[in-house]
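Here's the structure we're looking at; comments come further down.
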Amino acid sequence: MVSLVTGGPTGPTDVAGDEAGAAAPDCLICQKHAGAGPLVSPHLWEDDLVRVSHIPPVDEPEAFVGHLVIETQCHVGYLDELSDDEAAAAGRAARTAARAIRAELSAESVFSAVIGLGVHHFHQHVWPKHPGTPDRYEWHRVDEWPDAPRAIGDELEAICDRLRPHFE
């Protein structure tokens, strides 16, 4: 389930590193970018500023199909701490992700949220409302629909293979 929270911490990010943007060893997203930790998942695209990947299965055996995440390459805690270039890159990546999801997964709609809790490394979620999702599953709960498409392993990688060309 995607939770919505308004507000969040303000001021400098508490980062274990000697310089701004340095990888924080305790950060799950920094670990993921190094190929380690519980968040490692299929990677779709990256440039010098952001990377896009599919969310891994977290609390379920399979991942909700089409739930992508845009993360800054550098350790930046919150939306208000992004450089202008990072903010623009994240925006372009989110738009591209939404277009890819709609085109390849026939999504009825595509949602996006920056929540800023849990892992203090900027990440923006982009996810679909799959065809047939009952209206009682509000936009932030579409992944709770029991019949929503889910995948893992080779099946999830095949879905990512369909999405990747949209980023080139």
Would you pick out the residues in region 114-168 that are of a type in the set (V, I, T), under 29 Å from L79 (Cα atoms) and in contact with a Pro (Cβ under 9 Å, 6 or more places away or on another chain)?
-> V142, I159
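Restrict the check to region 34-54 and report whether at least one residue is in contact with a Gly (Cβ under 9 Å, 6 or more places away or on another chain) and under 24 Å from I159 (Cβ atoms).
Yes, region 34-54 has at least one match.
Looking only at region 48-80, which residues are of a type in the set (A, V, I, L, M, F, W, C), surrounded by 18 or more Cβ atoms within 10 Å (Cβ to Cβ) and in a loop (DSSP other than H, G, I, E, B)?
L49, I55, V65, C74, V76
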Quick check, is D147 of a type outside the set (S, T, N, Q) and assigned to a loop (DSSP other than H, G, I, E, B)?
-> yes
Just for region 11-47: of the residues that are modelled with pLDDT of 95 or more and not in a loop (DSSP other than H, G, I, E, B), which one is surrounded by the fewest Cβ atoms within 10 Å (Cβ to Cβ)?
-> E46
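With respect to A98, determine if the residue is in contact with a His (Cβ under 7 Å, 6 or more places away or on another chain) and more than 22 Å from P61 (Cβ to Cβ). Break it down stepwise before answering.
Details: in contact with a His (Cβ under 7 Å, 6 or more places away or on another chain): no; more than 22 Å from P61 (Cβ to Cβ): yes.
No; evaluated as a whole, the condition is false for this residue.
Being more than 27 Å from A23 (Cα to Cα) and in contact (Cβ under 8 Å) with a residue 24 or more places away in the chain narrows it down to one of V142, V119, so name that one. Write out each step before concluding.
On the way: V119 fails: more than 27 Å from A23 (Cα to Cα).
Selected residue: V142, the only one of V142, V119 that is more than 27 Å from A23 (Cα to Cα) and in contact (Cβ under 8 Å) with a residue 24 or more places away in the chain.
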Just wondering, is there one or more residues in region 93-106 that are in contact with a strand residue (DSSP E or B) (Cβ under 6 Å, 6 or more places away or on another chain), crowded, with 18+ Cβ neighbours inside 10 Å, of a type in the set (D, E, K, R) and in a helix (DSSP H, G or I)?
-> no
Failed item, numbered, when A88 is tested on (1) among the hydrophobic types (A, V, I, L, M, F, W, C); (2) over 15 Å from the mean Cα position of the chain (by Cα); (3) surrounded by fewer than 17 Cβ atoms within 10 Å (Cβ to Cβ); (4) more than 14 Å from D48 (Cβ to Cβ) = (4)
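The values are calculated or read from the model by the stated rules, or taken from the named source; none is laboratory data. If you're wondering where the values come from, they're calculated on a predicted model, not measured in any experiment. Positions of Cβ are generated from backbone atoms using ideal geometry, with glycine treated the same way; all protein chains shown enter the neighbour counts.
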